[in-house]
């Protein structure tokens, strides 16, 4: 698998783009800004588990400071240990391939092509299940504490008293203090910023009393749609073997079918290491003192040399996180008098932390990051925009570039997918994995709004570093993406326009694939991305592509009825139809996510936004819908509506004590909401191309929003 490669281009991103930023009148005290939003817990809230990590690896701990009570947290923010490389597949005993689930559909101009859909019976059902479930992301192992009470019983979650837990965001340090039977326990935890490693220090009289141990448990992979990602009921299907046995260091080899990975454990002072049961080990510190520290390293490969000790990891975390907070943008709401400002600041600061440790790695993130599995741990490319664009607007574009290389890695797979369907260029998958393989779906395989994303990202990189190196780096991705978009648009001789034709499901996913044409957001995105691709040709000294320009000029207009934009053309009515006022109000993204284009009538868009805000079914929305509405409102000059949308008091816009965007009991965290929040707030503060010169053009100009910011970048 591809490793992180830090190129000169990436390093330069830390020092450029000053022409697009405007500092605050006076410098922001970033330490004070971040620290006043540290997470502090005094109870065992299972929806408030806290994580440390580095973007490619994350470890989520309970109130004990480690993963001592995973069962209690399974229906909250579960206790994950996940990495970008940690994937597993069950044996493909049926030799299932994508053709087993393909069904041919007809589009405009008699073009027929296969789509991999979900099936309900027979071999096709078996193939559907296997292809969707595999590969799935692995839970790499539980690292927790065994706490023994005075009566000899193992403590349960309710036995922890006098709880005082704090996540120091500035250093990435999680400190957990509590009592068990009146005996104090302190656990300090950090995640390494360059390795998939945690280190912790424990201080407690329970150590000298022989009543505290460290436990390691290793599960099999799990074929569940949304879950922690572990299976404890199949010990016979995997092996855990000690392959290096030294006095203060052990290496374990984990084998699950065709997957192998390694776990290194090291500690200071003396301790006894023993296998308690299959895949279950305990480390018992010597009773000579009341302090003990250890490190656990998870690795795709067996590594040589020592494992960094606690103090080294502590320093590494402090240095890495301080570097993160001092680079890039910052927004300070402390001078605002609107009573909602403090909550908005909390969400913004915590979202920066969460997206840094969960979403900045070498692959596009899954919607639940590296915490627990959603959609089997696979990532959804249409969500990559929401996960990643904010990194560019906050002048941390290197964190977006980390995952951009993956598109180049799978370009051959994406080209084969386009050829399979009879299109040119590359068709990017929707629900996918590190190999870029599509997952059969009755909805996802009909979506197309992920297709222009790489062009949007490439343009962000060019705005940051407008040079030939950037153009050459992403030229193939931009042009092959455009080639697919051009071949996908179908010409209709009856009106002389190019249409986005069925079978198609728009980003507002409630419409039938075989009855849907010309959704407005997708039309606007096609126009934007193809226009950008033409600019890239000019920048590279190439003549305009005549076919591309023909489609840009002759794309079907956004469908309109009664002065409102329709959710899609032909078969449906406007947003005055109750049944259409649910799911994503994505039409607002056409002028919000995207800049103003000749396709947009701002009067019609403003009326459409007003209709949506009055009558939408908010329980059917998702977390990124609120930032999307805010960006649309900001561009339309409706600043009050923009803030109201960001802070709308509805369930899908809930932000938990740990900063996670809660959706419902199934999807307890949703990182596209966090990323969307940062994108919207960044553009509302710094502005966008063509915005007014007033300070904070997206915020109300009523004197209550004295927002200070520095280091932000204008949005396109």
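Is it the case that residue 673 is under 20 Å from residue 644 (Cβ atoms) and either in contact (Cβ under 8 Å) with a residue 12 or more places away in the chain or assigned by TED's automatic domain parsing to the domain that holds residue 463 (or both)? When the stated conditions are applied, residue 673 passes them. Would you be able to say whether some residue in the range 154-171 is within 28 Å of residue 301 (Cα to Cα) and in a strand (DSSP E or B)? The answer is no; no qualifying residue exists.
Yes or no: residue 457 within 25 Å of the chain's Cα centre (by Cα), buried (at least 23 other Cβ atoms within 10 Å of the Cβ) and assigned by TED's automatic domain parsing to the domain that holds residue 587? It would help to see each step written out before you state the result.
On the way: within 25 Å of the chain's Cα centre (by Cα): yes; buried (at least 23 other Cβ atoms within 10 Å of the Cβ): yes; assigned by TED's automatic domain parsing to the domain that holds residue 587: yes.
Taking the combined requirement at face value, the residue satisfies it.
Scanning the range 406-424 turns up one or more residues that are in contact with a helix residue (DSSP H, G or I) (Cβ under 8 Å, 6 or more places away or on another chain) and either over 30 Å from residue 112 (Cβ atoms) or outside the structural domain of residue 704 (by TED's automatic domain parsing) (or both).
Results for (1) touching a strand residue (DSSP E or B) at 6+ places or on another chain (Cβ under 6 Å); (2) surrounded by 20 or more Cβ atoms within 10 Å (Cβ to Cβ), shown as yes or no for each residue.
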| site | (1), (2) |
| --- | --- |
| 158 | no, no |
| 165 | yes, yes |
| 173 | yes, no |
| 190 | yes, yes |
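Looking only at the range 80-105, which residues are touching a residue at least 60 places away in the same chain (Cβ under 8 Å) and more than 31 Å from the chain's Cα centre (by Cα)?
Of the range 80-105, the ones touching a residue at least 60 places away in the same chain (Cβ under 8 Å) are 80-91, 98, 101, 105.
Result: 105, single match.
Among the conditions (1) touching a residue at least 60 places away in the same chain (Cβ under 8 Å); (2) touching a helix residue (DSSP H, G or I) at 6+ places or on another chain (Cβ under 9 Å); (3) assigned by TED's automatic domain parsing to the domain that holds residue 216; (4) part of a loop (DSSP other than H, G, I, E, B), the only one that residue 72 does not satisfy is (4). Checking each residue in the range 73-92 for being under 23 Å from residue 189 (Cα atoms) and surrounded by fewer than 18 Cβ atoms within 10 Å (Cβ to Cβ) picks out only 74.
In the range 107-128, how many are in a helix (DSSP H, G or I) and free of Cβ contacts under 8 Å to residues at least 40 places away in the same chain?
6
The residues in the range 359-375 that are surrounded by 24 or more Cβ atoms within 10 Å (Cβ to Cβ) and either in a helix (DSSP H, G or I) or at pLDDT below 95 (or both) can be counted, and the count is 1. On inspection, residue 629 passes the criterion of being surrounded by 19 or more Cβ atoms within 10 Å (Cβ to Cβ), in a helix (DSSP H, G or I), modelled with pLDDT of 95 or more and out of contact with any strand residue (DSSP E or B) (no Cβ under 6 Å at 6 or more places or on another chain). If you go through the range 318-335 and keep only what is at negative phi, assigned to a loop (DSSP other than H, G, I, E, B) and crowded, with 20+ Cβ neighbours inside 10 Å, you end up with 329, 333. When the range 476-522 is examined, which residues are found to be in a helix (DSSP H, G or I) and touching a strand residue (DSSP E or B) at 6+ places or on another chain (Cβ under 6 Å)? 520, the sole residue that qualifies.
The values are calculated or read from the model by the stated rules, or taken from the named source; none is laboratory data. Every value quoted in this text rests on a predicted model; they were computed, and no experiment measured them. All Cβ positions, glycine included, derive from the backbone under ideal geometry; neighbour counts span all protein chains shown.
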